[in-house]
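Below is one structure, written out as C-alpha cells, with a few remarks after it.
The values are calculated or read from the model by the stated rules, or taken from the named source; none is laboratory data. What you see is a predicted model; the values in this text were computed from it and never measured. Cβ placement follows ideal geometry from the backbone for every residue including glycine, while neighbour counts extend to all protein chains displayed.
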Amino acid sequence: MKKKGWLVMVLAGVMAGAAWGAEAKEEKAPEKAPEKAQVISYLGMKKCKMCHKNQYESWAKTPHAASLKNLAAAKPEAVQKMADALGVKIEGKPELAPACLSCHVTGYGLEGGYTVEKGKEDMSDAVTCEECHGPGSLHMKAKKEDKAKTIAGQPGEAKCRTCHTKEMSPEFDFKKYSEKGVHEHISKKK
C-alpha cells in the first residue's frame, strides 16, 4: 500500500511539474510585436511648394489662398448671416471660431493642422494643398513611384461640398469650378 501511495505522489508531482513547465513556456513565448501605425500629419505649404511650385503659384492667386484673411476682414453682418444659415453661434472674432476655422484653414483640429497658437508659421492659415489632397506626410516620405498612391490627386465634389454647402456657397457650381481648377494642373501643362 505504501508503494502505491508513493507512486501516486510521484506521478502527481511529475504531472504538476509538467503543467507548470507548460504554463511557464506559454508565458515566456515571445509575442509578435504589433505593427507600428504610420502617423499621418499635415506638413504645411512650404513642404508642398518645394516640389509643386507652379501649382503653388497659381493657387496663391485664388480665394482659397486668402480664406482666413478674408474671414478676418469680413463685415460682421456677413459673418452673422452665414452663422445664422448654418445654425451656429459665433462669439468674438470669426477667425478664432471653430465653426469658421473648419472651412477657412487646413486641418483644423487634426495632427499637424492649423491651430490658433501656430497661426501663420506654416501657412496652413488658408485652404491649402493638404485640405483638398490630404495630409502630406506619407506623400513626402514615399518613393517617387509610390507618391501618387499616398495623396488624393483629383478631389471630387464631395470634398468641395464639405465647405461649399448650399447654405455657404449657394452659387457654387462644381462642374464650372472643376473645369477652371483651383490651381494649374500637371495634365494641363504644354
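Within the stretch 78-129, the residues that satisfy the criterion of being of a type in the set (Asp, Glu) and either over 23 Å from the mean Cα position of the chain (by Cα) or at pLDDT below 90 (or both) are 84, 91, 111, 117, 121, 122, 125.
Within the stretch 156-173, the residues that satisfy the criterion of being surrounded by 15 or more Cβ atoms within 10 Å (Cβ to Cβ) and in contact with a helix residue (DSSP H, G or I) (Cβ under 7 Å, 6 or more places away or on another chain) are 159, 160, 163.
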